[in-house]
Amino acid sequence: MNQQLLAKTFVELADNLVADFDLIDFLRLLTDRCVGMLGADAAGVLLADRDGELRVMAASDERVRLLELFQLQSDEGPCLECCRTGTPVIVTDLTREIGRWPRFATAAHRSGFGAVQALPMRLRDEVVGALNLFRAAPGPFDPAGTLIAQALADVATISLLQQRSTHRSTILNEQLQTALNSRVLIEQAKGKLAERRGIDMEQAFTALRAHARSHNRRLSDVARAFIDDSEPLPGLVA
């Protein structure tokens, strides 16, 4: 494992302990680093909205995003169980869980995943979501990697629950609702850019994210400008 990258990741997650940070980009950083450092083939994050409904807020690629959506729609799977119980759910072979989660286990196998671990994003009794790591091949997860993944999830949770006043739950709900609205804009922009440039959805997201970072802008603002054609975005569209 790259120790320098691990240390940098903890610093980057902690650096988001400020007001008005870009939640979508923050959570995407978390999933990308879990894939890059911990041997996962894909990662996703589920968060609860103001009504307690779980939403897919980040995914390392389109394949796992669709699987997470399917999990929510079918109302079964390890990630939902993790969010509901607040405890880790580790499955080393999804083919053995057909009886437990028939629809999810079948869909995960079709998507190319053989194992998953879902780690709670919680602070004491407050569970805000789950960090979910998927692997293509069945088999046990590295215990040290699991500890690191949980530590990353814990730091991310602290960032989400960070408050600048006593009204923590209100601030969190506002952040999550804003992020949900931003997620819709970003998905629309991904589709429009993918069609215009003849690329896939993941490449479109990468292009939007790179443009936002290189111009020091929020990802959702770039997405909105691109959808509305309200301003030129040099370099984003050839």
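For this structure, a couple of remarks:
- About its Cα centre, the chain has a charge dipole of approximately 160 debye under the convention of +1 per Lys or Arg Cβ and -1 per Asp or Glu Cβ, with nothing else charged.
- Heavy-atom accessible surface of the chain: percent carbon and sulfur, 1.4 Å: 51 percent
- Span-rule helices in the chain, defined as complete DSSP H runs reaching 24 Å or more along the axis (Cα) with Kyte mean at least 0.0: 143-161
- The range 25-103: trypsin sites (Lys or Arg not before Pro) falling in loop per DSSP and having at most 14 other Cβ within 10 Å: Arg50, Arg100
- Charge tally around Leu54: other residues with Cβ under 11 Å, Lys/Arg +1 each, Asp/Glu -1 each, net -3.
- Among Asn216, Asn132, Asn181, the largest mean-square fluctuation in a Gaussian network model of the chain, built with springs joining Cα atoms closer than 10 Å, belongs to Asn216.
- Residue (of Pro102, Gly86, Gln4) at the positive-pole extreme of the chain, dipole from beta-carbon charges: Gln4
- In the context of the full set of protein chains, the chain has a per residue accessible area of 47 Å² (1.4 Å probe).
- With contacts taken as Cα pairs under 8 Å and at least 6 residues apart, the range 75-127 reaches a relative contact order of 46 percent.
The values are calculated or read from the model by the stated rules, or taken from the named source; none is laboratory data. Quick caveat, the model's predicted, so the values are computed rather than measured. In this analysis, Cβ positions are derived from the backbone assuming ideal geometry, glycine residues included, and neighbour counts consider all displayed protein chains. What goes into the accessible areas is simple: the full protein's heavy atoms, side chains included, and nothing from ligands, DNA or RNA. Shrake-Rupley method; radii C 1.70, N 1.55, O 1.52, S 1.80 Å.
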